[in-house]
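A short worksheet on the structure shown next.
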Amino acid sequence: MPPSSLTTQRKIGLTGGIATGKSTVSNYLAAQYHYPILDADIYAREAVAIGSPILTAIFQRYGDDVKETDGTLRRQRLGQIIFQDLREKQWLEAQIHPFVKQRFQTELAQHLEATVICVIPLLIEAKLFDLVTETWVVTCSQTQQMQRLQQRNHLTETEAIARINSQLPLSEKVKFADVVLDNSSDLATLHHQVDLALKRCC
C-alpha cells in the first residue's frame, strides 16, 4: 500500500567507502525487514550494457583496450585507467551519473513502500542528496577496508590504495551522515546498529 499522505516516505541513502560493508547492510535490510533495495551499481552496469550510447562513447575514447572479445566492457582495464587519472575518472562519471540518477528517480516513483533503501556508493561525491530523506554511512578501519578490498577484488596493495583514495575520505563522509554504522566488529554488532537506526525518528 502507498504510504499515508500524512507521512513522508523514508528513503534511506546507504553509502560509505569502498569495501566498508554497504552490501552487508543492504542484504540484512532486505532479508530481515523486506525493504526494497535500489542499487546504484546495478544501474551503472545497465548504463554500459552492450549497445548503450555510454558504452559506445567509452569505446570511442579508450579503444579496444577496454573491450572484451564478446563486445562487453573490460571493467578491470577501465578501472586501471580511471583510478590512475582523475580527469578520466571525472569524464566517466559525467557519462554514468546522470543515467544512474534517472534510474533512481524512475524506480522511486514506482515504489510506494513506506521505506526504501537506496544503495549509492557515490551519494556524497555526486551530491545526490535530493534522492533520499536521510543518509547512512557505513565505516570501518582503514586496515579492514584495505584487507576486504584486496581480498574481494583480488587487487594489489597499490591498486587498492588507488581505489580508496579516489573516493572522499570516510572522515569526510561521516560529516554528511544522519546515521553512522561502524562495521569494524562482528555481524551481530553491525545488525544491532541497523536495528537501532531504523527506530530513530527522521
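The values are calculated or read from the model by the stated rules, or taken from the named source; none is laboratory data. None of these values were measured; they are calculated from a predicted model. With ideal geometry, Cβ positions are generated from the backbone for all residues, glycine too; neighbour counts draw on all protein chains shown.
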Task: The one condition in (1) in the same structural domain as SER26 (by TED's automatic domain parsing); (2) free of Cβ contacts under 8 Å to residues at least 24 places away in the same chain; (3) hydroxyl-bearing (Ser, Thr, Tyr) that THR106 fails to fulfil - done: (1)
- [ ] Taking VAL48 as the residue in question, decide whether it is closer than 28 Å to GLN32 by Cα, touching a Leu at 6+ places or on another chain (Cβ under 6 Å), surrounded by 12 or more Cβ atoms within 10 Å (Cβ to Cβ) and modelled with pLDDT of 95 or more.
- [x] no
Open item on the list: What's the total number of residues in the range 167-195 that are in contact (Cβ under 8 Å) with a residue 12 or more places away in the chain, surrounded by fewer than 16 Cβ atoms within 10 Å (Cβ to Cβ) and among the polar types (S, T, N, Q)?
Closed with: 1
Task: Residue in the range 35-55 that is nearest to ARG10 (Cα to Cα), counting only those that are assigned to a helix (DSSP H, G or I) and among the small types (Gly, Ala, Ser) - done: ALA40
Open item on the list: Can you find a residue that is within 17 Å of the chain's Cα centre (by Cα) and aliphatic (A, V, I, L, M) anywhere in the range 180-194?
Closed with: yes
Task: Checking GLU159 against (1) at pLDDT below 95; (2) surrounded by 13 or more Cβ atoms within 10 Å (Cβ to Cβ); (3) farther than 30 Å from GLN60 by Cβ, the condition it does not meet - done: (3)
- [ ] Filter the range 80-94 down to residues that are within 16 Å of the chain's Cα centre (by Cα) and under 19 Å from ASP65 (Cβ atoms), then give me how many there are.
- [x] 2
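Every residue, every condition in (1) in a helix (DSSP H, G or I); (2) β-branched (Val, Ile, Thr); (3) on the phi < 0 side of the Ramachandran plot; (4) in the same structural domain as ALA197 (by TED's automatic domain parsing), yes or no:
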| site | (1), (2), (3), (4) |
| --- | --- |
| THR20 | no, yes, yes, yes |
| ALA31 | yes, no, yes, yes |
| ALA57 | yes, no, yes, no |
| ASP65 | yes, no, yes, no |
| GLY71 | no, no, no, no |
| GLY79 | yes, no, yes, no |
| GLU88 | yes, no, yes, no |
TODO: Mind listing just one residue for me: the one in the range 123-145 that is in contact (Cβ under 8 Å) with a residue 40 or more places away in the chain and among the acidic types (Asp, Glu) and, of those, farthest from GLN76 (Cα to Cα)?
DONE: GLU134
TODO: Quick one: which residue in VAL100, VAL138 is buried (at least 18 other Cβ atoms within 10 Å of the Cβ), within 16 Å of the chain's Cα centre (by Cα) and farther than 26 Å from ASN183 by Cα?
DONE: VAL100
TODO: Determine whether the range 113-122 contains at least one residue that is surrounded by fewer than 16 Cβ atoms within 10 Å (Cβ to Cβ), in contact (Cβ under 8 Å) with a residue 60 or more places away in the chain and closer than 22 Å to GLY13 by Cα.
DONE: yes
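Residues are listed down the side, and each one gets a yes or a no for (1) more than 12 Å from SER166 (Cβ to Cβ); (2) of a type in the set (Lys, Arg):
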site: ALA57; (1), (2): yes, no
site: THR69; (1), (2): yes, no
site: LEU73; (1), (2): yes, no
site: ILE82; (1), (2): no, no
site: LYS89; (1), (2): no, yes
Open item on the list: Cβ contacts < 6 Å: first residue without any contact (Cβ under 8 Å) to a residue 12 or more places away in the chain and not assigned by TED's automatic domain parsing to the domain that holds ARG77, restricted to the range 146-162; second residue surrounded by fewer than 16 Cβ atoms within 10 Å (Cβ to Cβ) and of a type in the set (D, E, K, R), any location; separation 6+ or different chain. Result?
Closed with: none
